[in-house]
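A short write-up of the structure that comes next.
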Amino acid sequence: MNALFIGPNKSGKSRLALEYTLKIAQTKPYFIATGIAVDEEMKKKIELHKKERKNSFITIEEPLFIYEKLQSIKEYKLLDCLSFWVSNMLLSNKENEIENTAHNISEIQNCVFVINEVGACVIPDNELARKFAHYNGIVAQIIAKKCDEVFLCSAGISIKIK
């Protein structure tokens, strides 16, 4: 059983995905964190997410090689967030690996994914931001297609759309 939580920034998708994962997991689930603390804002965000998880998850930090991590774990796992992973891949000059990796991870079972919805906003004015929006949208489509359930999140509420 796989699920995807998608929504804009501060929509509550991470919290909702945490709650969902804890509800369906029969053993202590894994949390695959893709964010990198590159500045004070990200450090605070990561610390906040750690506090939200408490000790309910086994945490693994992996900004790039998520397929390898996910396939090695048979228990339920929550990957938060695919958007940070896309960004990390672009900034690491691994653009050509994004779609193939997304197809590979879409086949892994017992996984809950989180991704930002960025397609409903202004078209970015620079090439890197446009690439990010493009690949983020492609990854969302690949993952959503294979997931059993997809939830659109807004204002801390999720709506099941698949």
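Laboratory data are not the source of any read-out in this text; all were calculated from the coordinates shown. Quick caveat, the model's predicted, so the values are computed rather than measured. Positions of Cβ are generated from backbone atoms using ideal geometry, with glycine treated the same way; all protein chains shown enter the neighbour counts.
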Compute the distribution of all C-alpha to C-alpha distances in the stretch 113-162, in bins of 10 Å from 0, and list the percent of pairs in each, rounded to whole numbers. 22, 49, 25, 3
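About the Cα centre of the stretch 3-160, how large is the charge dipole given +1 on each Lys and Arg Cβ and -1 on each Asp and Glu Cβ? Please answer in debye to the nearest 20. If you can, show how the numbers build up before the last one.
Numbers: 21 positive and 20 negative charges, 120 e Å.
With Lys and Arg at +1 and Asp and Glu at -1, about 580 debye.
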As a percent rounded to 5, the proportion of antiparallel DSSP bridges among beta bridges in the stretch 3-160 is 15
What is the Å³ per residue value for the convex hull set by the Cα atoms of the chain? 108
Which Cα, out of F31, A102, L90, lies furthest along the positive dipole direction of the stretch 1-129 (beta carbon charges, K/R +1, D/E -1)? F31
Over the Cα atoms of the stretch 76-130, what radius of gyration and what Dmax do you get, in Å? 12.7, 39
Can you spot the lysines whose alpha carbon is less than 21 Å from K51's alpha carbon? Ignore those fewer than 8 places along the same chain. K10, K13, K23, K28, K43, K77
Give a quick list of GluC sites (Glu not before Pro) in the stretch 44-120 that DSSP marks as loop, anything other than H, G, I, E or B, with at most 12 other Cβ atoms within 10 Å. E75, E107
Using the charge dipole of the chain (Lys, Arg: +1 at Cβ; Asp, Glu: -1 at Cβ; taken about the Cα centre), state which of F65, I138, I46 has its Cα farthest towards the positive end. I46
Ranked highest first by average number of other Cβ atoms within 10 Å, how do 118-125, 13-20 line up? 13-20, 118-125
